[in-house]
Amino acid sequence: MKFISTKGDSKPVSFSEAVLKGLAPDGGLYVPDKWPRLDDEFINNIHQKSLQEIGFEVSRLFVDELDDNSLREVIDGAMNFDAPLVSIEDRTHILELFHGPTLAFKDFGARFMSRIFSAFREDKEQDIVILAATSGDTGSAVAQGFLGVEGIKVCLLYPSGKVSRLQEQQLTTAGQNVTALEVNGTFDDCQKMVKQAFSDAELNRQLILSSANSINIARLVPQSFYYLYALKQLGESVGAPIFCVPSGNFGNLTAGLMAHKIGMPATGFIAATNVNDVVPEYLETGSFNPRPSERTISNAMDVGNPSNFSRIEYLFGNNHETIQKHIWGASFSDEQTRQAIQEVKKETGYLLDPHTAVGYLAVKKYRKNAAGYFSESGETPFVILSTAHPAKFGDVIEPATGEEVPIPDRLAESLKKEKQSIKLENDFGHLKQLLMQRY
Ligand SMILES: *Cc1c(COP(=O)(O)O)cnc(C)c1O
């Protein structure tokens with residue numbers, strides 16, 4: 001299977017090339033040139049499959065350069081924690097994606113990716129430098145996912161003062177092969193500098209640069225597994241679900257669309273955002289207007305120019321109407337988010353993190369104001385992807401619920417360590433110089 005650029009001006013490459021390059025040379029994102037298809041039999045028997053078996057079947061379709069054993073090793077090593085589906089209200093289910101080491105769904109992508117990099121790199125002499133911009137959770141997942149992986153150096157760019165204390169601790173205390181760069185700017189500035197680095201000829205002659213952002217196709221493949229795993233857990237005969245995805249860069253939602261494209265039944269997708277609502281606005285009006293991001297309490301979704309939007313357009317032939325048929329969008333304020341956390345805790349006992357709360361609000365709004373948009377039946381289940389553990393956002397949740405959020409051990413560990421970061425101006429020249437000197 002080959003991968004082509006969404007911009008169409010780069011030559012088709014293998015999966016390993018697409019993964020190691022991250023971004024296509026023409027600045028586009030890699031996408032499969034043809035869509036493979038899961039066996040109907042596999043889908044029909046999904047109820048008997050484990051997360052690892054699903055992961056193997058799905059990635060087998062995209063990755064043809066590893067033998068079955070190597071691929072199984074990658075999957076089994078990466079997916080060594082569960083993604084349980086929890087029912088909180090009638091027809092409303094939460095897919096908990098925060099049971100990995102950094103308590104956010106990004107562990108799926110980062111752990112798969114680090115192992116795939118390792119598998120593809122075996123006979124290379126030079127180190128690979130992974131560059132990633134993070135709005136918070138990517139950084140910690142990438143730091144943990146790649147920590148100590150041989151032949152790989154990791155450089156994380158994060159906006160100074162714009163991630164939570166917990167997130168900052170997680171991404172600045174890894175050590176070893178992981179370096180945190182604290183940028184005097186916003187997440188969008190970080191993302192822009194990373195993109196510039198990939199298109200800088202001199203830098204790319206000296207270093208093997210790769211990305212761990214959701215622009216990398218290796219992040220999206222593993223994120224498609226758990227959509228199918230949700231289907232498995234829903235049990236038989238409830239019908240194809242509507243998936244609701246709290247979104248920022250739209251990698252997670254794109255992974256769901258990919259799963260659907262290769263044969264996973266879905267009735268529709270809901271794109272839930274905070275006030276950074278570029279995509280919900282596009283869905284409604286047909287015009288895409290990227291703009292600087294605004295800070296919110298669901299900060300991992302503070303993205304003003306979602307990088308995976310071009311993949312979504314590609315998936316649906318750049319047709320606004322087709323996109324509208326598959327995706328419905330809604331955005332919510334911090335005030336609404338706080339209220340949702342409080343209300344759900346009070347009524348069901350379930351504690352939502354601020355990102356998941358945005359997803360909850362979107363399902364609620366859909367059921368109240370847009371029911372029937374996807375021609376669903378009265379039984380169609382809603383699956384909200386829960387992207388982070390509430391303990392990561394105690395500073396937001398505690399004032400809303402009045403209760404302390406217990407911190408799991410694996411998170412408490414990183415709080416004890418000392419922060420280590422290098423300060424960086426919002427200036428590509430500065431980043432380039434640092435990379436050339438360091439690696
Ligand atoms: C990254 C992140 C998101 C947004 O995911 P995208 O794939 O960028 O849309 C949502 N919630 C949390 C907790 C995250 O870390």
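Since every read-out is calculated from the coordinates, none of them should be taken as a lab result. Bear in mind that the values here come from a model prediction, so they are computed numbers and not experimental data. Note: ideal-geometry Cβ built from the backbone for every residue, glycine included; neighbour counts use all protein chains shown.
Taking into account only those residues within segment 89-142 that are under 28 Å from ALA362 (Cα atoms) and of a type in the set (D, E, K, R), which is nearest to the ligand (Cβ to nearest atom)?
Top of the filtered list is ASP137.
Select from segment 282-294 the residues that are closer than 13 Å to ILE327 by Cα, of a type outside the set (Phe, Trp, Tyr) and surrounded by 16 or more Cβ atoms within 10 Å (Cβ to Cβ) and list them in ascending order.
Hit for segment 282-294 is LEU283, nothing else.
Here is a check on your reading of the model: is GLY8 small (Gly, Ala, Ser), under 22 Å from the mean Cα position of the chain (by Cα) and part of a loop (DSSP other than H, G, I, E, B)?
No.
Considering segment 379-390 alone, what residues qualify as being over 21 Å from LEU283 (Cβ atoms) and either more than 11 Å from the ligand (Cβ to nearest atom) or touching a residue at least 60 places away in the same chain (Cβ under 8 Å) (or both)?
First pass over segment 379-390, keeping only residues over 21 Å from LEU283 (Cβ atoms): 379, 381, 386, 388-390.
Passing the criteria: GLU379, PRO381, SER386, ALA388, HIS389.
Would you tally the residues in segment 201-247 being closer than 18 Å to PHE269 by Cβ, in contact with a Gly (Cβ under 6 Å, 6 or more places away or on another chain) and in a loop (DSSP other than H, G, I, E, B)?
So the count comes out to 1.
ASN276: of a type in the set (S, T, N, Q), touching a helix residue (DSSP H, G or I) at 6+ places or on another chain (Cβ under 8 Å) and over 20 Å from HIS389 (Cα atoms), yes or no? Don't jump to the end; show me each part of the working.
Numbers: of a type in the set (S, T, N, Q): yes; touching a helix residue (DSSP H, G or I) at 6+ places or on another chain (Cβ under 8 Å): yes; over 20 Å from HIS389 (Cα atoms): yes.
Answer is yes for this residue.
Does any residue in segment 127-140 that is in contact (Cβ under 8 Å) with a residue 24 or more places away in the chain and closer than 21 Å to ALA18 by Cβ come within less than 9 Å, Cβ to Cβ, of a residue that is near the ligand (Cβ under 10 Å from one of its atoms) and among the charged types (D, E, K, R) six or more places away or on a different chain, and which pairs are these?
Close Cβ pairs (under 9 Å, with a partner that is near the ligand (Cβ under 10 Å from one of its atoms) and among the charged types (D, E, K, R)) amount to THR138/LYS106; THR138/ARG219.
Write out, first by first residue and then by second, each pair whose Cβ atoms fall under 7 Å of each other, whose residues are 6+ apart or on separate chains, and whose first residue, in segment 242-269, is over 16 Å from GLY359 (Cα atoms) while the second is among the β-branched types (Val, Ile, Thr) and within 12 Å of the ligand (Cβ to nearest atom).
Correct list of pairs: LEU257/ILE312.
Every residue in segment 301-324 that is within 12 Å of the ligand (Cβ to nearest atom), assigned to a helix (DSSP H, G or I) and of a type in the set (A, V, I, L, M), please.
Across segment 301-324, the qualifying residues are MET301, ILE312.
Within segment 217-259, which residues are among the basic types (Lys, Arg) and more than 10 Å from the ligand (Cβ to nearest atom)?
LYS232, the sole residue that qualifies.
Output the residue which, of all residues in segment 289-300 that are within 16 Å of the ligand (Cβ to nearest atom) and in contact (Cβ under 8 Å) with a residue 60 or more places away in the chain, is nearest to the chain's Cα centre (by Cα).
ALA300
Please go through segment 261-280 and pick out each residue that is touching a strand residue (DSSP E or B) at 6+ places or on another chain (Cβ under 8 Å) and more than 16 Å from the ligand (Cβ to nearest atom).
Passing the criteria: ALA266, THR267, GLY268.
How many of the residues in segment 248-300 are not in a loop (DSSP other than H, G, I, E, B) and not β-branched (Val, Ile, Thr)? First the steps, then the outcome.
If we filter segment 248-300 for residues that are not in a loop (DSSP other than H, G, I, E, B), which is where we start, we get 251-261, 268-273, 278-285, 299-300.
Restricting the remaining residues to those that are not β-branched (Val, Ile, Thr) gives 251-253, 255-261, 268-269, 271-272, 280-284, 299-300.
Number of matching residues: 21.
Those residues that are of a type outside the set (Asp, Glu), part of a loop (DSSP other than H, G, I, E, B) and surrounded by 12 or more Cβ atoms within 10 Å (Cβ to Cβ), I need them from segment 407-439; list them, please. Before the answer, list the steps.
Quick first cut of segment 407-439, residues of a type outside the set (Asp, Glu) only: 407-408, 410-412, 414-417, 419-424, 426, 428-439.
Then keep just the ones that are part of a loop (DSSP other than H, G, I, E, B); that gives 407-408, 416-417, 419-421, 426, 439.
Matches in segment 407-439: ILE407, PRO408, LYS417, LYS419, GLN420, SER421, ASN426, TYR439.
Filter segment 124-154 down to residues that are β-branched (Val, Ile, Thr) and part of a helix (DSSP H, G or I) and give me whichever is nearest to the chain's Cα centre (by Cα).
Taking the candidates together, the pick is THR138.
Out of PHE288, PHE243, PHE250, PHE269, report the one residue that is on the phi > 0 side of the Ramachandran plot and hydrophobic (A, V, I, L, M, F, W, C).
Residue meeting the stated conditions: PHE250.
Yes/no matrix, rows are residues, columns are (1) buried (at least 20 other Cβ atoms within 10 Å of the Cβ); (2) without any contact (Cβ under 8 Å) to a residue 12 or more places away in the chain; (3) in a strand (DSSP E or B):
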| site | (1), (2), (3) |
| --- | --- |
| VAL358 | yes, no, no |
| LYS368 | no, yes, no |
| GLY372 | no, yes, no |
| SER377 | no, no, no |
| LYS392 | yes, no, no |
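Is there a residue in segment 335-352 that is out of contact with any strand residue (DSSP E or B) (no Cβ under 9 Å at 6 or more places or on another chain), within 20 Å of ALA104 (Cα to Cα), among the hydrophobic types (A, V, I, L, M, F, W, C) and within 12 Å of the ligand (Cβ to nearest atom)?
No, segment 335-352 contains no residue that is out of contact with any strand residue (DSSP E or B) (no Cβ under 9 Å at 6 or more places or on another chain), within 20 Å of ALA104 (Cα to Cα), among the hydrophobic types (A, V, I, L, M, F, W, C) and within 12 Å of the ligand (Cβ to nearest atom).
Within segment 103-122, identify whether any single residue is within 27 Å of HIS389 (Cα to Cα), out of contact with any Phe, Trp or Tyr (no Cβ under 7 Å at 6 or more places or on another chain) and not in a helix (DSSP H, G or I), and answer yes or no.
Taking every residue of segment 103-122 in turn, at least one turns out to be within 27 Å of HIS389 (Cα to Cα), out of contact with any Phe, Trp or Tyr (no Cβ under 7 Å at 6 or more places or on another chain) and not in a helix (DSSP H, G or I).
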